[in-house]
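Peer 1: First the structure, which I've put down as structure tokens, then a few questions once you've had a look.
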Amino acid sequence: MDPTKFPIYGLMRRLQIILSSMLEQAVKSVVEGRMAMADEVLHMEEEADRIYWMIIRQLLLAVLDRRVAKEVGIEGPMHVVGNRVIAKSLEQMADSASHVALEAQKLKGDGKNVDTKITKGLLELSDKVRSLIEDSFNALMKGDVKKSNECIERVEACETLERSLTADLMKSVKDVNLAVGLRSIIWDVGQMARDSVSIAEVGINRKLETPSDFCQWEKV
């Protein structure tokens, strides 16, 4: 494989798109009771894992060869570290999405029978998290430090919704196995929001590497 044909940010963007699709389908498999969608998510995880390991390979090659680093889009040694953090965060989010699919399989379609307040809330949380992940990555690529900071602040809203859903779940779902499964799913989706913080933080750090209107360097 010619490493120069696989730009690092192109690979990370592809992984971000895949995991967002995984989350969307995994949650729909829960609320609609469609096991085929859960199966598809698990197949998508295999592709996500392949891309993740390709990213790691590219990063290792970039450390060994500056020419490769430049051709795959890595500007300096410090960016290797930041990209490793981003890749790991994306991989963890893909794992969380696949875990939602596994829990959906265990529920065997029972998730669609719970209070619509919970299913609608879960879909809302999923939409918020997918938007958050995409916005965090876009802010990183554009060097938009304000947007990165906004993404970090938006995590709190996701956590608030997560807690609200958990409270509603405990009140309305009497079946223990169903309640445990749904609570695990809600937590996984919320965890994806928390994992996105690392991407936003790397974006902020990148912006501070050089003087700008946002941050000026002064000698002391």
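The values are calculated or read from the model by the stated rules, or taken from the named source; none is laboratory data. Just so it is clear, the structure is predicted and the values come from calculations on it, not from any experiment. Counting neighbours? That spans all protein chains shown, and the Cβs are built from the backbone with ideal geometry, glycine included. Surface accessibility is based on the protein's heavy atoms, side chains included, excluding ligands, DNA and RNA. Shrake-Rupley method; radii C 1.70, N 1.55, O 1.52, S 1.80 Å.
Peer 1: Go through Met22, Met93, Met44, Met78 for me and flag whichever is surrounded by fewer than 19 Cβ atoms within 10 Å (Cβ to Cβ) and part of a helix (DSSP H, G or I).
Peer 2: Residue meeting the stated conditions: Met78.
Peer 1: Right, something else. From the list Glu156, Glu162, Glu150, which one is in contact with a Phe, Trp or Tyr (Cβ under 8 Å, 6 or more places away or on another chain) and part of a helix (DSSP H, G or I)?
Peer 2: Going through Glu156, Glu162, Glu150 in turn, just one is in contact with a Phe, Trp or Tyr (Cβ under 8 Å, 6 or more places away or on another chain) and part of a helix (DSSP H, G or I): Glu162.
Peer 1: Follow-up question, since we're still on this one. Is there any pair with a first residue in the stretch 122-134 that is touching a residue at least 24 places away in the same chain (Cβ under 8 Å) and a second that is open to solvent by 80 Å² or more (accessible area, probe 1.4 Å) whose Cβ atoms are under 9 Å apart and which are 6 or more apart or on different chains, and what are they?
Peer 2: What qualifies is Glu134/Ile17.
Peer 1: Okay, moving on. Which of the residues spanning the stretch 64-75 are in a helix (DSSP H, G or I) and either touching an Asp or Glu at 6+ places or on another chain (Cβ under 6 Å) or open to solvent by less than 100 Å² (accessible area, probe 1.4 Å) (or both)?
Peer 2: Val68, Ala69, Glu71
Peer 1: Another question about this same structure. I'm trying to understand the selection: among the residues of the stretch 25-41, which are open to solvent by less than 70 Å² (accessible area, probe 1.4 Å) and of a type in the set (Gly, Ala, Ser)?
Peer 2: The answer is Ala26, Ser29, Gly33, Ala38.
Peer 1: A further question follows. Taking Leu208, is it under 19 Å from Thr116 (Cα atoms) and modelled with pLDDT under 95?
Peer 2: no
Peer 1: Looking at the structure I just gave you, is Leu125 out of contact with any His (no Cβ under 7 Å at 6 or more places or on another chain), more than 19 Å from His79 (Cβ to Cβ) and modelled with pLDDT of 95 or more?
Peer 2: So Leu125 passes the test.
Peer 1: Hey, another quick one. If I ask for residues that are open to solvent by less than 50 Å² (accessible area, probe 1.4 Å), among the small types (Gly, Ala, Ser) and either in contact (Cβ under 8 Å) with a residue 12 or more places away in the chain or within 22 Å of Leu23 (Cβ to Cβ) (or both), which ones from the stretch 159-188 would you list?
Peer 2: Ala179, Gly181, Ser184
Peer 1: For Trp187, which of the numbered conditions (1) closer than 30 Å to Glu75 by Cα; (2) not in a loop (DSSP other than H, G, I, E, B) fails to hold?
Peer 2: (1)
Peer 1: So, one more: Any residue at all in the stretch 206-217 that's under 23 Å from Asp127 (Cβ atoms), open to solvent by less than 30 Å² (accessible area, probe 1.4 Å) and not aromatic (Phe, Trp, Tyr)?
Peer 2: Scanning the stretch 206-217, I find no residue that is under 23 Å from Asp127 (Cβ atoms), open to solvent by less than 30 Å² (accessible area, probe 1.4 Å) and not aromatic (Phe, Trp, Tyr), so the answer is no.
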